[in-house]
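> Before we start, here is the structure in question, set down as structure tokens.
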Amino acid sequence: MNAEDFRRIALSLKGAEERSHMGAPDFRVGGRIFATLASQRQGYGNLMLTPEQQAAFVEELPEVFVPIAGGWGRMGATHIRLTAANEDVLAGALRTAWRLRMEKNGKSRRKKS
């Protein structure tokens, strides 16, 4: 897999759109980021997961998933090694990040009501 595969799969998710954050491509649903290509030069895509989801992905496929260093990583931000991932793994990981963002978006809308 590569950055174009990441982009194609991310944009295939309902309501997903590509924007830019700090000069790097990001993927949003409801205006909120669920994934980025901020580390594509290093061969990674980035996923916004929960710490629990991150731990499960890393435990299952440590050659594919790596926590992002520092505070973002402790909050669940996770690298996916694009060349080590296959289509099913990449699609499943992006769907997980997208679904989490959709759930969070729904919760924030309910709080505002």
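> Got a sec? Which of Lys112, Lys104 is exposed (fewer than 11 other Cβ atoms within 10 Å of the Cβ), over 15 Å from Gln40 (Cα atoms) and at pLDDT below 95?
The unique qualifying residue is Lys112.
> Return the residues of segment 22-41 that are closer than 16 Å to Ile68 by Cβ and loosely packed, with under 13 Cβ neighbours inside 10 Å; say none if nothing qualifies.
Correct list: Met22, Arg41.
> For the condition modelled with pLDDT of 95 or more and farther than 19 Å from Glu4 by Cα, what is the one hit in Ala55, Ala97, Ala38?
It is Ala55.
> So which residues in segment 4-21 are hydrophobic (A, V, I, L, M, F, W, C) and surrounded by 16 or more Cβ atoms within 10 Å (Cβ to Cβ), if there are any at all? Give the derivation first.
Restricting attention to segment 4-21, the residues satisfying the condition of being hydrophobic (A, V, I, L, M, F, W, C) are 6, 9-11, 13, 16.
Residues satisfying the conditions are Phe6, Ile9, Ala10, Leu13, Ala16.
> Can Gly70 be described as over 17 Å from Arg7 (Cβ atoms), at pLDDT 95 or above and among the small types (Gly, Ala, Ser)?
yes
> What tally of residues in segment 56-89 results from selecting those that are within 13 Å of the chain's Cα centre (by Cα) and at positive phi?
Summing the residues that are within 13 Å of the chain's Cα centre (by Cα) and at positive phi in segment 56-89 gives 1.
> Right, next: In segment 42-81, which residues are of a type in the set (A, V, I, L, M), surrounded by 21 or more Cβ atoms within 10 Å (Cβ to Cβ) and farther than 16 Å from Arg95 by Cβ?
Ala77
The values are calculated or read from the model by the stated rules, or taken from the named source; none is laboratory data. Here the structure is a predicted model, which means the values were calculated and not measured. Every residue, glycine among them, receives a Cβ derived from its backbone with ideal geometry; neighbour counts consider all protein chains shown.
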